[in-house]
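Everything on this sheet refers to the single structure shown next.
The values are calculated or read from the model by the stated rules, or taken from the named source; none is laboratory data. Just so you know, these numbers come straight off a predicted model, no measurement behind them. Cβ atoms come from the backbone with ideal geometry, glycine included; neighbour counts cover every protein chain shown. For accessibility, only protein heavy atoms count, side chains too; no ligands or nucleic acids. Shrake-Rupley method; radii C 1.70, N 1.55, O 1.52, S 1.80 Å.
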Amino acid sequence: QVQLQESGGGTVQPGGSLRLSCAASGSFFSVNSMGWYRRAPGEQRDLVARMASDGNILTGGPVKGRVNISRDDAKNTMYLEMNNLKPEDTGVYLCFANAHRSPGDIPDTTWGQGTQVTVSS
């Protein structure tokens with residue numbers, strides 16, 4: 001099973017930047033996709049960005065043009081760079097991975113515990 005550990009959250013002023021990391025560990029065969037969702041206070045989770053195993057990227061509407069998702073396969077780590085941050089970007093950023101434990105099985109989705117991002121002056 002995959003374990004995920006996020007890092008890189010914090011407080012930043014409007015217009016600032018942050019880079020979040022999500023390190024995957026544990027036993028798994030392959031990863032279909034990894035990415036990030038944001039959960040703002042009192043709201044449901046919203047997609048920030050996700051990357052499939054073939055490198056295809058899907059970005060959520062509110063952050064289009066302001067985020068870059070990348071991965072380092074050697075480190076089993078995914079990164080989310082966010083630029084020109086706005087107060088409405090505030091929330092808990094949750095990393096997920098959809099992965100196979102063994103060849104041909106139905107993949108599971110695992111979530112990290114999240115890292116808080118606060119955009120405030």
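Can you pull out the residues in the stretch 79-121 that are within 23 Å of residue 2 (Cα to Cα), in contact with an Asp or Glu (Cβ under 8 Å, 6 or more places away or on another chain) and either among the hydroxyl-bearing types (Ser, Thr, Tyr) or buried (at least 17 other Cβ atoms within 10 Å of the Cβ) (or both)? Once the filter is applied, which keeps residues that are within 23 Å of residue 2 (Cα to Cα), in contact with an Asp or Glu (Cβ under 8 Å, 6 or more places away or on another chain) and either among the hydroxyl-bearing types (Ser, Thr, Tyr) or buried (at least 17 other Cβ atoms within 10 Å of the Cβ) (or both), the stretch 79-121 yields 79, 93, 94, 95, 98, 99, 112, 114, 115. Tell me, yes or no, whether the stretch 54-61 has at least one residue that is in a strand (DSSP E or B), among the acidic types (Asp, Glu) and open to solvent by 40 Å² or more (accessible area, probe 1.4 Å). The answer is no; no qualifying residue exists. Checking each residue in the stretch 106-121 for being of a type in the set (Ser, Thr, Tyr) and either closer than 23 Å to residue 88 by Cβ or in contact with a helix residue (DSSP H, G or I) (Cβ under 7 Å, 6 or more places away or on another chain) (or both) picks out 115, 118, 120, 121.
Which ones in the stretch 62-80 are basic (Lys, Arg) and not in a helix (DSSP H, G or I)?
Here is the first cut: in the stretch 62-80, the ones basic (Lys, Arg) are 64, 66, 71, 75.
Once the filter is applied, which keeps residues that are basic (Lys, Arg) and not in a helix (DSSP H, G or I), the stretch 62-80 yields 64, 66, 71.
Can you say whether residue 76 is in contact (Cβ under 8 Å) with a residue 12 or more places away in the chain and at positive phi, as far as the supplied structure shows? Answer is yes for this residue. Here 43, 81 are screened, and the one residue that is in contact with a Gly (Cβ under 9 Å, 6 or more places away or on another chain) and of a type in the set (Asp, Glu) is 43. Counting only residues that are in contact (Cβ under 8 Å) with a residue 24 or more places away in the chain, assigned to a strand (DSSP E or B) and not charged (D, E, K, R), the stretch 89-121 holds 17 of them. On inspection, residue 25 qualifies as more than 14 Å from the chain's Cα centre (by Cα), more than 13 Å from residue 94 (Cβ to Cβ), assigned to a strand (DSSP E or B) and without any contact (Cβ under 8 Å) to a residue 60 or more places away in the chain.
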